[in-house]
1. Report the extension gain between T61 and V78 in nm, rounded to one decimal, defined as 0.36 nm multiplied by the number of residues separating them, less their alpha carbon distance.
2. Between K136 and N251, how high is the FRET efficiency from 1/(1 + (r/R0)^6) when r is the Cβ-Cβ distance and R₀ = 45 Å? Nearest 0.05.
3. Given the rule -39500 (n - 2.57) for each run of at least 4 DSSP H residues, summed and divided by the residues of the chain, what is its mean residue ellipticity at 222 nm, to the nearest 500 deg cm²/dmol?
4. May I ask for the angle, rounded to the nearest 10°, between helix 233-246 and the longest principal axis of the chain, with both axes built from Cα atoms and the value confined to 0 to 90°?
5. Which order do the peptides 275-284, 80-89 come out in when sorted by mean C-beta neighbours inside 10 angstrom, highest first?
6. Label-point separation (nm) for S16 and T173, each offset 7 Å from Cα along Cα-to-Cβ?
7. So, R0 is 41 Å and r is the distance between the beta-carbons of R212 and A114; what FRET efficiency does that work out to, to 0.05?
8. Between Q126 and R274, 0.36 nm times their residue separation minus their Cα-Cα distance comes to what?
Amino acid sequence: MDEYDLEEIKREIVESRSLVIKTNNLVNALAADLKSIAKRQQGYERRIFIHSATAYVVTITVLFIALKFAWDARVDSVRSETKQTGAELVTVRDELKATQEREEARERAARQAAAFFALVSHKKRQEIVEQYDLVKDLPLTPTEKAVFADAYETAKNELSVIAYQTGLDEARTGRWHEAQQSFRDSLKYKDNAAHSPQVEYQLALALRQLGRQREAIPSLKRLSEASADKDVMDEATLLLALSEIDVQAWNDAKATLRAFIRRFPTSPLINDARMKLAEISLQH
């Protein structure tokens, strides 16, 4: 092997080493690029994962919020419907209770009306007067109300007349205490009947007999001044004068007697009035 061949071999060896070094450098650069690409890929994948996870969480959160709003709206709707149903139920119960109470009231009214009508049929005057207040405000028909009111007024009038007649009988036998009580009962039953002025006069007369003239004077004044029964006015005026004499109200008695003579000149009691006036005028 000559020198030329040796140089050629050395040159090839150098070139080979240079090629190996370049290859290594290329491989190292490629490896570095691969590592850089891998890192970038990992970062990209990590960002994608984070973004996906974030999007998933946001989506789930939005879904939960939307579900909560929908659930709350449904709950509110159910509560509103329940409340409305409850109010309607309360209204229905109230109406049912009111209807039951009206029916019970009608039944009670019917029973009470029937019982009162039985009293009217049997002419139980005292019971009619005592129980009328219990039936007058019942839900009765206009006819029933009119019948019951008429029966009530008739019963009061009849009881008043009976008490008046009883008082007259007691007065005739001198039982003045019982008589004045009967006359009071007569006026209690009916104080505006046709016989009421006579009852007041007889009560005043009984009170005078009992020595209670001061109690009798107010009603006698009323009867003497204005009475529905004109026939009792002269008697009441004379009895008023006599009662005033009893209590020694001389001036009042003389004024009453003078008024009697002036107002009732044709009364059968005119002479009694004149004699009594002359008597007290001489003495007082």
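The values are calculated or read from the model by the stated rules, or taken from the named source; none is laboratory data. The model shown is predicted, which means the values in this text are computed figures rather than measured ones. Cβ sites come from the backbone with ideal geometry, for glycine too, and all protein chains shown count toward neighbours. Remember, those area values only see protein heavy atoms, side chains included, never the ligands or the DNA or RNA. Shrake-Rupley method; radii C 1.70, N 1.55, O 1.52, S 1.80 Å.
1. Numbers: separation 17, 0.36 × 17 = 6.12 nm, distance 2.50 nm.
Extending this stretch completely gives an extra 3.6 nm.
2. Working: r = 49 Å, r/R0 = 1.10.
Plugging the Cβ-Cβ distance into 1/(1 + (r/R0)^6) gives 0.35.
3. Working: 9 runs with 244 residues, N = 284.
The helix-only estimate for the chain comes to -30500 deg cm²/dmol at 222 nm.
4. Relative to the chain, helix 233-246 is tipped by roughly 80 degrees.
5. Values: 275-284: 12.5, 80-89: 10.0.
Result, highest mean Cβ count within 10 Å first: 275-284, 80-89.
6. With each label placed 7 Å out from Cα toward Cβ, I get 17.7 nm.
7. Details: r = 46 Å, r/R0 = 1.12.
Plugging the Cβ-Cβ distance into 1/(1 + (r/R0)^6) gives 0.35.
8. Numbers: separation 148, 0.36 × 148 = 53.28 nm, distance 4.59 nm.
Fully extending the segment from Q126 to R274 adds 48.7 nm.
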